[in-house]
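The values are calculated or read from the model by the stated rules, or taken from the named source; none is laboratory data. The structure displayed is predicted, hence computed values, not measured ones. Cβ coordinates were reconstructed from backbone atoms using ideal geometry, including for glycine residues, and neighbour counts include every protein chain displayed.
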Amino acid sequence: MPTAASGKKIDVTEKDFSITVAGGSTVKPGTYTFVVTNKGPSSHNLTINGPGVANRATPTSGPGTTTLTVTLKKAPTTCSAPSPATRHSAWTRS
């Protein structure tokens, strides 16, 4: 179940072997709420790393939607979704 959100909303769709980030691969520093929908059969989480953000992640779960709010300080910031088979990188902010 999604939690209360703040910051600019970014929709993220996870499937087995892919991540789609709405709005492209570049974001500016600021506060963002990632609305993560897992449409694959496997469990996933979304992990954010970068200056000021260290391994902030959604809970690992199966199909459904969850949120994660983070404040991105500066470049580079990466977004990934570990899965049982591999680690996918959706974007790197520079």
Can you pull out the residues in segment 36-61 that are of a type in the set (Val, Ile, Thr), part of a loop (DSSP other than H, G, I, E, B) and within 11 Å of the chain's Cα centre (by Cα)? 58
Filter segment 33-56 down to residues that are on the phi > 0 side of the Ramachandran plot and in contact (Cβ under 8 Å) with a residue 12 or more places away in the chain and give me whichever is surrounded by the most Cβ atoms within 10 Å (Cβ to Cβ). 50
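Residue-by-condition table, conditions (1) in contact (Cβ under 8 Å) with a residue 60 or more places away in the chain; (2) of a type in the set (D, E, K, R); (3) surrounded by 15 or more Cβ atoms within 10 Å (Cβ to Cβ):
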position	(1), (2), (3)
12	yes, no, yes
18	yes, no, no
23	no, no, no
26	yes, no, no
31	no, no, no
58	no, no, yes
68	no, no, yes
For the subset of segment 24-60 comprising residues that are small (Gly, Ala, Ser) and modelled with pLDDT under 80, which member is nearest to residue 71 (Cα to Cα)? 52
For segment 68-76, state whether one or more residues are among the hydroxyl-bearing types (Ser, Thr, Tyr) and not in a strand (DSSP E or B). no
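Just the residues that are in contact with a Lys or Arg (Cβ under 9 Å, 6 or more places away or on another chain) and under 26 Å from residue 29 (Cβ atoms), please, taken from segment 47-66. Before the answer, list the steps.
So the first thing to find is which residues in segment 47-66 are in contact with a Lys or Arg (Cβ under 9 Å, 6 or more places away or on another chain), and the list is 47-53, 63.
Scanning segment 47-66 gives 47, 48, 49, 50, 51, 52, 53.
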